[in-house]
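Q: The structure's right below; bear with me while I get my questions together.
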Amino acid sequence: MTAWRQVRARVDAACERAGRAPSEVTVVAVSKTHPAEAVRAAAAEGALDFGENYAQELDGKRAACADLGGLRWHFIGRLQRNKAKLVAGKVALVHAVDSVALAEELARRAEGRVQPILLAVNVAGEATKGGVAAEAAPELARAVAGIAGVRLDGLMTMPPPSDDPEASRPSFAALRELRARIADALGAPLPVLSMGMSGDFEVAIACGATHVRIGTAIFGARP
Ligand SMILES: *Cc1c(COP(=O)(O)O)cnc(C)c1O
């Protein structure tokens, strides 16, 4: 079995254990630093969603794979405002919006399209991390929800690195709770919870993840 199929099988099994349908969880294959050929190989196995952290790299790979059709590109990294034009209106989802200014720039650069976005939340309160603090997330969500040109679909988080998948559980549970609170306050469904990576995606699925971002387990270690 290929790595992609193994990962998808583990995702499906985690869904089953959680009493969820496998169709509820999208695997975003994180292809950053890997060549377009790696994307093609995974796509040939059935992968449809690909995640990148760098705007130029995404742009290049999307062009190199344009003939495949049907692929969905996700921008999962921190996005500098001056790179917004490279992704706005061109990707399925921008996972890590953390300011009104960035949301406004994406809206402006989407050129009449509506760019789906998530807010990146630093639920563990790590000083060195990007993302909005959990306490500030409701206010940011309200501000962003009022911007025509972007559509707030949900939240994403990246827990503190750990070798123990269970260490991520409190962060995942907190994101899910925060999503419920913000959805209530806005009266919007916010269907997407982007959480879980190679080391902890099964825990994330147990906690309600709808998008898991998996690189190493599919493509191997990054150079
Ligand atoms: C690189 C990256 C991933 C994938 O990490 P792996 O541990 O290789 O699965 C997921 N999310 C974000 C935001 C990343 O930068």
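The values are calculated or read from the model by the stated rules, or taken from the named source; none is laboratory data. Here the structure is a predicted model, which means the values were calculated and not measured. When we count neighbours, we look across all protein chains shown, and the Cβ atoms used for this are built from the backbone with ideal geometry, even at glycine. Accessible surface is based on the protein model in full, side chains and every heavy atom, while ligands, DNA and RNA are left aside. Shrake-Rupley method; radii C 1.70, N 1.55, O 1.52, S 1.80 Å.
Q: Would you confirm whether any residue within the range 24-35 is touching a Ser or Thr at 6+ places or on another chain (Cβ under 9 Å), β-branched (Val, Ile, Thr), in a helix (DSSP H, G or I) and closer than 25 Å to Ala3 by Cβ? Step through it out loud before you land on a result.
A: Pass one, the range 24-35, residues touching a Ser or Thr at 6+ places or on another chain (Cβ under 9 Å): 24-26, 28, 30.
Remaining after also requiring β-branched (Val, Ile, Thr): 25-26, 28, 30.
Of the ones still in play, those that are also in a helix (DSSP H, G or I) are none.
No; the residues of the range 24-35 include none that is touching a Ser or Thr at 6+ places or on another chain (Cβ under 9 Å), β-branched (Val, Ile, Thr), in a helix (DSSP H, G or I) and closer than 25 Å to Ala3 by Cβ.
Q: So which residues in the range 141-171 are of a type in the set (Lys, Arg) and either part of a helix (DSSP H, G or I) or more than 15 Å from the chain's Cα centre (by Cα) (or both)?
A: Kept after step one, since they are of a type in the set (Lys, Arg), are these residues of the range 141-171: 142, 151, 169.
Within the range 141-171, Arg142, Arg169 qualify.
Q: For the structure I just gave you, tell me whether Gly208 is part of a loop (DSSP other than H, G, I, E, B), more than 16 Å from the chain's Cα centre (by Cα), away from the ligand (no atom under 15 Å from the Cβ) and at positive phi. If you could, list the steps in order and put the result at the bottom.
A: Numbers: part of a loop (DSSP other than H, G, I, E, B): yes; more than 16 Å from the chain's Cα centre (by Cα): no; away from the ligand (no atom under 15 Å from the Cβ): yes; at positive phi: yes.
Answer is no for this residue.
Q: If you take the residues of the range 50-64 that are more than 10 Å from the ligand (Cβ to nearest atom) and open to solvent by less than 10 Å² (accessible area, probe 1.4 Å), which of them is nearest to the chain's Cα centre (by Cα)?
A: Taking the candidates together, the pick is Phe50.
Q: (1) buried (at least 17 other Cβ atoms within 10 Å of the Cβ); (2) more than 15 Å from Phe201 (Cβ to Cβ); (3) among the basic types (Lys, Arg): which one isn't true of Arg81, the others all being true?
A: (1)
Q: How do the pairs read when you match residues in the range 39-57 that are under 17 Å from Ala96 (Cα atoms) with residues anywhere that are within 13 Å of the ligand (Cβ to nearest atom) and among the charged types (D, E, K, R), using Cβ under 6 Å and keeping only pairs 6 or more apart or on different chains?
A: Gly51/Arg213; Glu52/Lys32; Asn53/Lys32
Q: Given the criteria in a helix (DSSP H, G or I) and under 26 Å from Ala43 (Cβ atoms), does Leu79 qualify? Break it down into steps so the answer makes sense when it comes.
A: Numbers: in a helix (DSSP H, G or I): no; under 26 Å from Ala43 (Cβ atoms): yes.
When the stated conditions are applied, Leu79 does not pass them.
Q: Within the range 65-76, which residues are outside any loop (DSSP other than H, G, I, E, B), more than 16 Å from the ligand (Cβ to nearest atom) and within 18 Å of Thr26 (Cβ to Cβ)?
A: Step one: list which residues in the range 65-76 are outside any loop (DSSP other than H, G, I, E, B), which gives 66-68, 72-75.
Within this subset, residues satisfying the condition of being more than 16 Å from the ligand (Cβ to nearest atom) are 66-68.
Of everything in the range 65-76, just one residue is outside any loop (DSSP other than H, G, I, E, B), more than 16 Å from the ligand (Cβ to nearest atom) and within 18 Å of Thr26 (Cβ to Cβ), namely Leu68.
Q: Okay, next question. Answer yes if at least one residue in the range 153-163 is within 29 Å of Ser23 (Cβ to Cβ) and away from the ligand (no atom under 14 Å from the Cβ), and no otherwise. Steps first, answer last, please.
A: Kept after step one, since they are within 29 Å of Ser23 (Cβ to Cβ), are these residues of the range 153-163: 153-159.
In the following step, the residues that additionally are away from the ligand (no atom under 14 Å from the Cβ) were identified as 153-154.
Yes; the residues of the range 153-163 include at least one that is within 29 Å of Ser23 (Cβ to Cβ) and away from the ligand (no atom under 14 Å from the Cβ).
Q: For the range 84-113, what are the residues that are farther than 20 Å from Val28 by Cβ, touching a residue at least 40 places away in the same chain (Cβ under 8 Å) and open to solvent by 10 Å² or more (accessible area, probe 1.4 Å)?
A: Scanning the range 84-113 gives Ser99, Val100, Glu104, Ala107, Arg108.
Q: Go through (1) within 16 Å of the ligand (Cβ to nearest atom); (2) without any contact (Cβ under 8 Å) to a residue 60 or more places away in the chain and name the single condition Arg181 misses.
A: (1)
Q: Looking only at the range 1-37, which residues are surrounded by fewer than 15 Cβ atoms within 10 Å (Cβ to Cβ) and in contact with a strand residue (DSSP E or B) (Cβ under 6 Å, 6 or more places away or on another chain)?
A: Within the range 1-37, no residue meets the criteria.
Q: OK, next. Go through the range 172-206 residue by residue and tally those that are of a type outside the set (Val, Ile, Thr) and open to solvent by less than 10 Å² (accessible area, probe 1.4 Å). Explain how you work it out, then say what you get.
A: Step one: list which residues in the range 172-206 are of a type outside the set (Val, Ile, Thr), which gives 172-181, 183-191, 193-202, 204, 206.
Filter once more, keeping what is open to solvent by less than 10 Å² (accessible area, probe 1.4 Å): 172, 175, 178, 190, 193-196, 201, 204.
Qualifying residue count for the region: 10.
Q: Which is in contact (Cβ under 8 Å) with a residue 12 or more places away in the chain, among the acidic types (Asp, Glu) and out of contact with any Asp or Glu (no Cβ under 9 Å at 6 or more places or on another chain), of Asp200, Asp153?
A: Asp153
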